[in-house]
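Every number in this text was worked out from the coordinates using simple rules, so none of it is lab data. Keep in mind that this is a model prediction, so the values were computed, not measured. Quick reminder, even Gly has a Cβ in these numbers, built from the backbone with ideal geometry, and neighbours come from all protein chains shown.
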Amino acid sequence: MKKIESVKNTQVKQWKKLQTKKERDKTNTFLIEGFHLVEEAIAYPDVVAEIIISENVKIPSEWDLANINVTIVTEEIIKEISETETSQGIAAVCKQVSKPDLKLENSRLLLIDAVQDPGNLGTMIRTAEAAGVDAIIVGDGTVDTYNSKVIRSTQGAVFHLPIIKGNLIDWVHNLKEEGVPVYGTALLNAKPYQEVQNQGAFALIVGNEGNGVSKELLSLTTQNLYIPIYGKSESLNVAIAAAILIYHLR
């Protein structure tokens, strides 16, 4: 256990850099904040590289930190590296863990096409995990999974299931070859979702907040679905739509 007292310390500057996607990608690590997220992370072996805790905060006695580095810092340093308005005085550096290969023939997957709002992505990760989805495939143009707002919105679900960056067109082709039905979300040339009864495995594609799923992906699906709107709203929030469809297909 070591202690750092200066915000100018090189280690503090490195933690601060993890607020950028460039540094997260370069180091294959990311920063989390708060007791709940840290507790979720330490439940998984080899995920947490280091815990950073304010000198005025106590680590819960039940936490097993036998193989985890702990650094004590000042409140000033915690505020320097925090992206929340009111810090709980604890953070951790986590590794972006590589995910295992999936057996596609029996899988339930959520494919995300260019969703840009961190809260939407985090909510979908949390919902998909709650619904028992096997993995999430994140396509090009989607906000970084390890963005701090995404991580907070997942409420720890980011540690519970594989989240894989990939080419969605390739994934759709591979899924259909394995006999997994692929459902897109669209308003045109689509069925009301209630007309589709799932047989077990499925893949659902949801898309960008403004433009929806790309036309190219929609042309490759098994069937495109829409959620009827009975009021005057033009559309549903993508995270809400994903929740309705995942639970129906599940």
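For each pair in Lys2/Lys149; Lys16/Lys79; Lys8/Lys149; Lys149/Lys215, compute the distance between the two Cα atoms and list the pairs where it is over 18 Å. Could you put the intermediate results ahead of the total?
Values: Lys2/Lys149 29 Å; Lys16/Lys79 10 Å; Lys8/Lys149 25 Å; Lys149/Lys215 29 Å.
Correct reply: Lys2/Lys149; Lys8/Lys149; Lys149/Lys215.
Antiparallel as a % of all DSSP beta bridges within segment 118-250, to the nearest 5? Spell out each step's value before the answer.
On the way: 1 of 11 bridges.
Around 10 percent antiparallel, to the nearest 5.
Could you tell me the relative contact order of the chain? Use alpha-carbon pairs under 8 Å, at least six residues apart, and round to a whole percent.
Details: 458 pairs, mean separation 47.0, N = 250.
Result for the chain is 19 percent.
How many percent of Cα pairs in segment 1-45 exceed 12 Å?
Details: 681 of 990 pairs.
Tail of the P(r) past 12 Å holds 69 percent of the pairs.
Want the number for Val7 to Glu76: 0.36 nm per residue separation, take away the alpha-carbon distance, what's left? Numbers along the way, then the final one.
On the way: separation 69, 0.36 × 69 = 24.84 nm, distance 0.72 nm.
My answer for the length gained is 24.1 nm.
Select from segment 165-241 those chymotrypsin sites (Phe, Trp or Tyr not before Pro) which occupy a DSSP coil region and have at most 11 other Cβ atoms within 10 Å, ordered by residue number.
For chymotrypsin sites (Phe, Trp or Tyr not before Pro) across segment 165-241 that sit outside H, G, I, E and B with at most 11 neighbouring Cβ atoms in 10 Å, the list reads Tyr230.
Filter the DSSP H helices in the chain by two things, a Kyte-Doolittle mean of at least -0.5 and an axial alpha-carbon span of 15 angstrom or more, and list the hits by number. Write out the running numbers ahead of the final one.
Working: long enough: 118-130 (18 Å, -0.12); 238-249 (16 Å, 2.33).
Qualifying helices: 118-130, 238-249.
Let me test this: with uniform point scatterers at the alpha carbons of segment 187-248, what is the Debye-based log₁₀ I(q)/I(0) at q = 0.19 1/Å?
The Cα Debye sum returns log10 ratios of -0.75.
Restricting attention to the alpha-carbon atoms of segment 26-172, what are Rg (one decimal) and Dmax (integer), both in Å?
When restricted to the Cα atoms of segment 26-172, Rg and Dmax are 16.2, 51 Å.
Mind ordering 3-13, 17-27 by average Cβ neighbours within 10 Å, highest first? Don't skip to the end; give the middle numbers.
Numbers: 3-13: 13.1, 17-27: 14.7.
Top of the packing list down: 17-27, 3-13.
Say R0 is 22 Å: what FRET efficiency, to the nearest 0.05, do Thr84 and Thr20 get from their beta-carbon distance? Write out the running numbers ahead of the final one.
On the way: r = 17 Å, r/R0 = 0.76.
Rounded to the nearest 0.05, the efficiency is 0.85.
Report the Cα-based extents of the chain along its three principal axes, largest first, to the nearest Å.
Per principal axis, max minus min of the Cα coordinates gives 61, 40, 31 Å.
Could I have the simple spin-label model distance between Val97 and His160, label points 7 Å from Cα toward Cβ, reported in nm to one decimal?
Each label point lies 7 Å from its Cα, and together they span 1.4 nm.
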